[in-house]
1. Seen from all sides and averaged, what is the projected area of the convex hull of the Cα atoms in the range 198-283, in nm²?
2. Please work out which option in (i) 67, 43, 34; (ii) 116, 42, 34; (iii) 68, 39, 31 gives Cα extents along the principal axes in Å calculated from these coordinates, and answer with its label.
3. Could you check the simple spin-label distance between R45 and R211, using points 7 Å along Cα→Cβ, in nm with one decimal?
4. In the chain, with Lys and Arg counted as +1 and Asp and Glu as -1 at Cβ, which of these residues, C246, S81, V50, has the Cα nearest the positive end of the dipole, that is, farthest along it?
5. Which residues in the range 184-200 place their backbone N less than 20 Å from a point set 7 Å from the Cα of K258 along the Cα-to-Cβ direction?
6. Using +1 on the beta carbon of Lys and Arg, -1 on that of Asp and Glu, and nothing else charged, what's the dipole of the range 47-177 about the Cα centre, debye to 20?
7. Along the charge dipole of the range 1-102, which of A1, H36, L65 sits closest to the positive end, that is, farthest toward it, with unit charges on the beta carbon of Lys, Arg, Asp and Glu (+1, +1, -1, -1)?
8. Please give the calculated 222 nm ellipticity per residue for the chain, where each DSSP H segment of at least 4 residues contributes -39500 (n - 2.57) and the sum is spread over every residue; nearest 500 deg cm²/dmol?
Amino acid sequence: AEGSPAGSLLYAINRVAEVVEQEFPGFHIETLAYMHTRKPPRSIRPRSNVIVRLAVIERSATQPLEHPANASVLDDLEAWSAVAPNLYIWDYTANLLNPFTPEPRAFIYGQDLRLYRRSGAVSVFCEHSHGASPLSDFDQLHTWLLSQLMWDPERDDRALIHEFCQGYYGAAGPFIEDYLKLLADRVGDHRVRSFSGPRDAEWLDLETMNRATELMDAASAAVAGDAILEPRVQRARLSLDHQWLCGYAGYRHTAQAKQIPFEGPEDLARALGAFTERARAQG
């Protein structure tokens, strides 16, 4: 009757919240609008002491929520915004299963956090732990950027990305920033799952990989010999090198078939060994 399993859930949560309020006024009961309960019910509304935390797990991670790829999630956000007095958000800002996969997420965080704020969200939680690894694709940038924007979503996210690249990578910063923009432009409308994307970023074609490698090489050269900055750049390029390993056969075939350059590693086994050593050195 309510058009969504959220009706049954919210009916029960409201009953619990009503009883709790009698003994604990001022306390709140939290529930999830998650997967099958993401769509709000037609008529049942959360009580004033009920928190609805909307989980946007079905979103595409590489486009903002206002992109057509995320239309259904946006519809439910707007619907909950209209009826939930205490709206919280659970977003997914990491590839939890394959943390080395290149995923240009940095350029969407600001747009989404500003949207959540306009929608009346009281709280935003970003599931940002990289469960499979203590490091991941540009994890320092993403963590710092999210921290800045969650404190004040109105800050200029592009300016913050620039500030981080200049401050954290020094002379390599301009090349790192160009690398991030290159990948963000290339991913375009390609859907990437929000929390468990693939190990192989199949949307990265050979031409883009070649250009990305040139930029990373330039970044490395700009800080060569610097005891602080050079390891930071080497860590930053782990995801790019990982992509070369994952897509090696396909990239080799494309280079031969189209007679275009191949900027990846010449020896796959040697590159794999070197990658493993570098990853272990980072913990």
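1. Computing the convex hull of the Cα atoms and averaging its projections yields 6.0 nm².
2. Recomputing Cα extents along the principal axes in Å here gives the entry labelled (iii).
3. 5.1 nm
4. V50
5. Under 20 Å, as judged by backbone N against the label point of K258, lie 184-191, 200 of the range 184-200.
6. Details: 9 positive and 17 negative charges, 65 e Å.
Dipole size: approximately 320 debye.
7. A1
8. Numbers: 11 runs with 144 residues, N = 283.
That comes out to -16000 deg cm²/dmol.
The values are calculated or read from the model by the stated rules, or taken from the named source; none is laboratory data. A quick note: this is a predicted structure, and the numbers were derived from the prediction, not measured. Positions of Cβ are backbone-derived with ideal geometry, glycine not excepted, and every protein chain shown enters the neighbour counts. The protein model used for the area step is the full one, side chains on, heavy atoms only, and it has no ligands, DNA or RNA in it. Shrake-Rupley method; radii C 1.70, N 1.55, O 1.52, S 1.80 Å.
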